[in-house]
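Novice: To start, I am sharing the structure in question, which I have written as structure tokens.
Any read-out appearing in this document is the output of simple, stated calculations on the displayed coordinates, not a laboratory observation. All figures in this text were calculated on a predicted structure; none of them were measured in a lab. Here the Cβ positions follow ideal geometry from the backbone for every residue, glycine too, while neighbour counts run over all protein chains shown.
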Amino acid sequence: MSKIRAKISGIQGWVPPYILTNKELETMVETTDEWIMTRTGIRERHILKGKGLGTSDMGAEAVKGLLEKTGTKPEEIDLLICATVTPDMIFPATGNIISDKAGLKNAFSFDINAACSGLLFTLITASKYIETGMFKKVIVVGADKMSSITDYTARETCVLFGDAAGAILLEPTTEEVGIMDSIAGTDGSGRNYLHMKSGGSVSPPSHDTIDAKEHFVFQEGQPVFKFAVTRMADVSAEIMERNNLTADDIAYLVPHQANLRIIDATARRMGVGREKVMINIDRYGNTTDATIPLCLWEWEDKLKKGDNIILAAFGGGFTWGSIWVKWAY
Ligand code: UT7
């Protein structure tokens, strides 16, 4: 019997309408468009405005769009997994709330938190459910309202992040397409460099933690940068080598969008030219779990069946991973 693989059979993104430009940030903190562009490659990012709106609202929009464009009924979905670091609440899972808002009556849902590698870890997990043969339609959502944990008085971090969501439909196939191979890794000692200090069980929310601004992203940029440059390049090269893929075989690299300099270093290590790299960090910034689906969504029309695509990410934790996908449509 032929092996069952998980193929990507649809992709949809959603970004909130409000655009926060570098020019507007110049009026909020001591920064310049020039500094942000040269150090990160970001020009603008989208921000979710509106009382009572959270990550699940963006995720649900992406899922509804995905169902519509793929002609899928909500009740056909067996499982929805949401990758996020900005859940609506600590519990229940944001995936549950997205399923409810999108009308997925027959799906069970849960969340995965692996920071900026979350979307990759979730795709890997979801593909294993499909490979068992028991699950026919699985949705992976990557969604983050990073503005909810960003301190807009801290210039080191507030220029980096944006809000967005993406949704991916996975289905079984016995053709030689889909998720072909994957690598994932973690190193928990990296938690010191990128985290949110309070709000969890070690340091629950209190007046003191709020006064100390401990409910925002904390990052030591330089060590994270060094880790990211080597790890994302290494893991991308490793998945190519172990599958005997050369740069000529690769149609696209889809890197996590955290910093243009990290993306360029990864492409150089793989020997892949800029024309084969999906880059939209200039318009969205770092949307954490949504970066990779937003790229695939924007490049969807250019992709052809059989294209070899390498997805690569790294993030807080530390976490890292890569996936070799053969595009299925
Ligand atoms: O996806 C999650 C994983 N996270 C990442 O991938 C982030 C990895 N790190 C980075 O991308 C970079 O480290 C940053 C973009 C965060 C920072 O760039 P950098 O080249 O590492 O800058 P730096 O932190 O070394 O700061 C250089 C200078 C400092 O001033 P002094 O000490 O040299 O006087 C900062 O205070 O730039 C200053 N600075 C800024 N200046 C203007 C920091 N942020 C800003 C700013 N505008 N927004």
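Novice: With the cut-off at 22 Å, tell me which of the pairs K105/K305; K145/K197; K101/K137; K7/K73; K101/K145 have Cα atoms farther apart than that.
Specialist: Beyond 22 Å between Cα atoms: K105/K305.
Novice: Something else now. Can you compute the helix-only [θ] at 222 nm over the chain? Use -39500 (n - 2.57) per DSSP H run of at least 4 residues, normalise by all residues, nearest 500 deg cm²/dmol.
Specialist: Working: 11 runs with 107 residues, N = 329.
Per the formula, -9500 deg cm²/dmol.
Novice: While we're on this one: Taking R0 as 51 Å, what FRET efficiency do you get between D78 and H207 from their Cβ-Cβ distance, rounded to the nearest 0.05?
Specialist: Efficiency at R0 = 51 Å is approximately 0.70.
Novice: In region 16-54, which trypsin sites (Lys or Arg not before Pro) fall in coil by DSSP and have 13 or fewer other Cβ atoms within 10 Å?
Specialist: Passing both the DSSP loop test and the Cβ count: K49, K51.
Novice: Averaged across orientations, what area in nm² does the convex hull of the alpha carbons in region 5-176 project?
Specialist: On the way: hull surface 43.4 nm².
Dividing the Cα hull surface by four gives the mean projection, 10.9 nm².
Novice: Gain in length, T132 to I90, computed as 0.36 nm per residue apart minus the alpha-carbon separation, to one decimal in nm? Present the calculation step by step, with values, prior to reporting the outcome.
Specialist: Numbers: separation 42, 0.36 × 42 = 15.12 nm, distance 3.02 nm.
Full extension of this stretch gives 12.1 nm more.
Novice: With just the Cα atoms of region 1-97, tell me how far they stretch along each of the three principal axes, in Å, largest first.
Specialist: Sorted largest first, the three principal extents are 60, 35, 24 Å.
Novice: Given Cα pairs under 8 Å that are at least 6 residues apart, what percent is the relative contact order of the chain?
Specialist: Relative contact order, the chain: 25 percent.
Novice: Shape verdict for the chain, please, from the Cα gyration tensor: rounded (a/c under 1.5), prolate (a/b greater than b/c) or oblate.
Specialist: Oblate, since a/c reaches 1.5 and b/c is not below a/b.
Novice: Now, a different point. Which order do peptides 311-322, 97-108 fall in by mean Cβ count within 10 Å, highest first?
Specialist: With the highest mean Cβ count within 10 Å placed first, the list reads 311-322, 97-108.
Novice: Ordered by residue, what ³J(HN,Hα) values in Hz, to whole numbers, does region 308-320 give under the Karplus form 6.51 cos²θ - 1.76 cosθ + 1.60, where θ = phi - 60° and Gly and Pro are x?
Specialist: Result, ordered by residue: 8, 10, 10, 9, 9, 8, 8, x, x, x, 6, 9, 7 Hz.
Novice: Dimensions of region 180-326 along principal axes (Cα, Å, largest first)?
Specialist: That gives 55, 29, 25 Å along the principal axes, largest extent first.
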